[in-house]
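The values are calculated or read from the model by the stated rules, or taken from the named source; none is laboratory data. Just so you know, these numbers come straight off a predicted model, no measurement behind them. Positions of Cβ are backbone-derived with ideal geometry, glycine not excepted, and every protein chain shown enters the neighbour counts. Quick note on the areas: whole protein, heavy atoms, side chains included, nothing else; ligands and nucleic acids left out. Shrake-Rupley method; radii C 1.70, N 1.55, O 1.52, S 1.80 Å.
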Amino acid sequence: AAMVQKYQSPVRVYKHPFELIMAAYERRFPTCPLIPMFVASDTVNEYRSEDEAIHVIERRCKLDIDAPRLLKKIAGVDYVYFVQKNSLNRRERTLHIEAYNETFSNRVIINEHCSYTVHPDNEDWTCFEQSASLDIKSFFGFESTVEKIAMKQYTSNIKKGKEIIEYYLKQLEEEGITFVPRWTPPVACKSESSTSHPRRPVSPAINIPESATKEGLNNKEILNTSSSPSEPTAGTPDDKLDADYIKRYLGDLTPMQESCLIRLRQWLQETHKGKIPKDEHILRFLRARDFNIDKAREILCQSLTWRKQHQVDYILDTWNPPQVLQDYYAGGWHHHDKDGRPLYVLRLGQMDTKGLVRALGEEALLRYVLSINEEGLRRCEENTKVFGRPISSWTCLVDLEGLNMRHLWRPGVKALLRIIEVVEANYPETLGRLLILRAPRVFPVLWTLVSPFIDDNTRKKFLIYAGNDYQGPGGLLDYIDKEIIPDFLGGECMCEVPEGGLVPKSLYRTAEELENEDIRLWTETIYQSASVFKGAPHEVLIQIVDASSVITWDFDVCKGDIVFNIFHSKRAPQPPKKDSLGAHSITSPGGNNVQLIDKVWQLGRDYSMVESPLICKEGESVQGSHVTRWPGFYILQWKFHSMPACATTNLPRVDDVLASLQVSSHKCKVMYYTEVIGSEDFRGSMTSLESSHSGFSQLSAATTSSSQSHSSSMISR
């Protein structure tokens with residue numbers, strides 16, 4: 001089976017001018033003592049333009065790959081040859097490097113592209129970027145071994161790349177070379193000069209004396225005036241991640257982990273316009289799936305849809321917890337632990353879980369826990385700024401003093417398990433450490449009930465202390481500063497967390513009231529769900545009276561691929577026949593399925609298409625609008641998208657075939673919202689639509705606003 005591995009680097013910024021970096025780079029050839037496997041290189045081809053601005057050089061490089069002897073023997077080679085083509089443009093100040101393997105090129109395909117360019121915000125700095133792909137077709141049955149060797153060598157080389165440039169920069173400096181002049185066009189004879197370069201004026205290079213650059217023009221200061229000092233400097237082009245930002249805000253990642261983050265982020269930017277989560281949140285999902293990009297993408301998309309459906313982005317701003325929770329929920333934030341992680345204290349033993357469930361219902365309790373998690377995300381971000389290092393999780397201290405059989409009340413445990421499940425799915429890798437204190441004798445029973453629901457990675461972070469063990473060696477003081485240990489644990493810090501206590505029975509509500517409340521909270525969303533089957537699209541009818549209205553839509557494709565259409569008809573379609581199944585399924589949150597277009601209707605005679613069909617892939621998020629030309633009936637349709645066997649001559653790609661096999665059943669799911677706006681309100685309301693209706697993520701920094709007045713479907717591509 002063919003495996004394709006891809007790599008994409010962050011942007012690395014060198015705080016030196018392009019010409020100096022080039023002088024350092026040239027010193028790697030013909031051999032480089034810092035790369036022992038780079039044994040030799042010969043120039044195969046070379047081209048220089050007359051004015052010296054363009055220099056292209058092609059080299060054949062000989063590498064001694066560090067591979068097991070046996071493998072070299074089987075392969076029958078000692079060295080591997082690569083062809084590297086460097087194209088330097090001194091006028092534009094760019095170097096592009098393309099490399100590919102010559103040895104085994106029919107079995108293994110390696111392509112690499114690197115570029116050195118001028119930093120967009122500072123012309124005395126240089127940016128470096130690198131991407132590569134490895135495709136192993138076959139290798140004598142050793143495909144996975146070769147893949148491992150290649151990846152290992154590749155990542156070690158990536159790490160070395162920066163050191164090498166820095167090593168040669170230092171060498172140049174020792175030789176007294178700290179400035180290399182920029183390229184300038186050759187001065188032609190007087191007679192020609194007026195005609196020879198009419199095309200583009202070239203700004204001459206200004207020779208800045210060295211002392212000036214060192215004292216007066218401190219680059220960092222120039223950049224920092226534009227943004228507040230605590231924020232990372234606006235350093236990278238096109239919203240790309242740079243290596244320094246990753247280290248400061250996200251932590252030490254291996255090159256492959258950086259690559260996964262960058263690729264997943266790129267995919268989100270293409271498919272979820274304007275509402276992509278913050279980098280640290282994307283990273284949590286990658287960590288939760290050991291950086292398997294496909295698995296991480298799947299859980300992240302489900303979570304984004306869930307956030308949108310339940311308006312989770314607005315919980316902190318818009319939801320006020322009922323008074324009962326404020327009085328009897330014995331938990332709260334309390335300073336931070338020794339690692340700078342926000343600390344959450346929960347006095348579970350003092351808390352009447354049964355009373356809370358009886359007074360509030362499961363949903364309100366869940367919602368409260370979600371607001372705590374949202375606050376946790378906010379505090380992590382805050383602490384990352386304050387402590388000057390990445391902090392992406394919090395510590396939870398659970399005091400079980402007072403735990404009793406009441407806590408084992410089944411509906412209470414069921415509510416707890418459901419809450420754990422929702423939190424695990426949507427806030428992965430947020431729990432840095434869980435300290436369980438004063439565990440009583442019933443605790444092992446509760447633990448056996450709960451532990452199977454907790455992810456292995458998370459379980460490793462649990463520390464459990466019985467009785468007063470937490471006061472001894474290896475106890476609380478190892479994790480939390482003495483000054484902030486709460487009073488109820490024998491510390492001197494006043495802790496604001498409510499004491500809990502029994503919820504008065506007068507606050508209990510009947511099972512029926514609670515059920516209605518739960519249903520209200522569960523369905524409290526402006527989005528509707530629909531199922532789409534092969535041969536059974538889902539259709540929504542919109543009647544337009546005023547000819548120039550605007551129909552707007554916002555939908556997420558939760559499962560499968562679909563085609564979205566919008567039709568117009570002068571006459572009303574027959575109301576859909578309600579079969580017993582249909583009537584039932586409308587109320588369930590699972591989603592409904594309605595067909596309105598009569599089987600006998602003909603396109604072009606009974607109804608017409610007013611927008612070209614839009615193919616939407618699983619995980620995509622689409623917002624759009626259509627300005628209606630005529631009154632009458634408009635039908636929005638979501639239809640199952642079946643793979644074309646072969647488009648023109650393209651045979652189906654292997655991964656497309658595999659993807660179509662993986663679709664468990666011929667069923668797609670869509671979550672949608674539509675609204676009709678009078679055209680005069682449209683311009684203003686489009687922006688409000690973006691910000692209020694679409695659970696446009698608070699997790700995302702910037703929201704793009706679409707205010708095209710004419711029909712547009714911004715599919716997020």
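Laid out as a table, the results:
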read-out	value
Which of Glu129, Glu173, Glu102 is most accessible, then next, and so on - probe 1.4 Å	Glu173, Glu102, Glu129
Exposure of Met405 as accessible area (Å², to 10), given a probe of 1.4 Å and all protein chains	120
C-alpha center-to-center spacing [segment 30-46, segment 141-161] in angstrom	19
Probe 1.4 Å, all protein chains present, accessible-area order of Cys558, Cys396, largest first	Cys558, Cys396
Whole-Hz couplings from phi, Karplus 6.51/-1.76/1.60, listed for segment 481-495; x for Gly and Pro	5, 3, 5, 10, 5, x, 4, 5, 10, x, x, 10, 9, 5, 10
Summed side-chain charge close to Ile419 - residues other than Ile419 whose Cβ falls under 13 Å, Lys, Arg +1, Asp, Glu -1	-1
Candidate residues Thr305, Thr178: accessible-area rank, largest first, probe 1.4 Å	Thr178, Thr305
Rounded D (µm²/s) - segment 321-505, Kirkwood Rh over Cα pairs, Stokes-Einstein at 4 °C, 1.567 mPa s	77
For segment 115-128, Karplus couplings with θ = phi - 60° (6.51, -1.76, 1.60), whole Hz, Gly/Pro x	8, 10, 9, 7, 4, x, 9, 8, 6, 9, 10, 10, 9, 10
Solvent-accessible surface (1.4 angstrom probe) belonging to Arg433, in square angstrom, nearest 10	50
Neighbour net charge for Ala40 - beta-carbon separation under 13 angstrom, K R +1, D E -1	+1
Prolate/oblate/rounded call for segment 378-423, Cα gyration tensor, a/c under 1.5 rounded	oblate
For segment 343-383, with +1 on Lys and Arg beta carbons and -1 on Asp and Glu, the positive-most of Asn373, Thr353, Leu343 along the dipole	Thr353
For segment 288-296, Karplus couplings with θ = phi - 60° (6.51, -1.76, 1.60), whole Hz, Gly/Pro x	5, 10, 6, 6, 7, 5, 6, 5, 5
When each of Lys159/Lys240; Lys73/Lys162; Lys278/Lys559 is checked by Cα-Cα distance, pairs over 28 Å	Lys73/Lys162
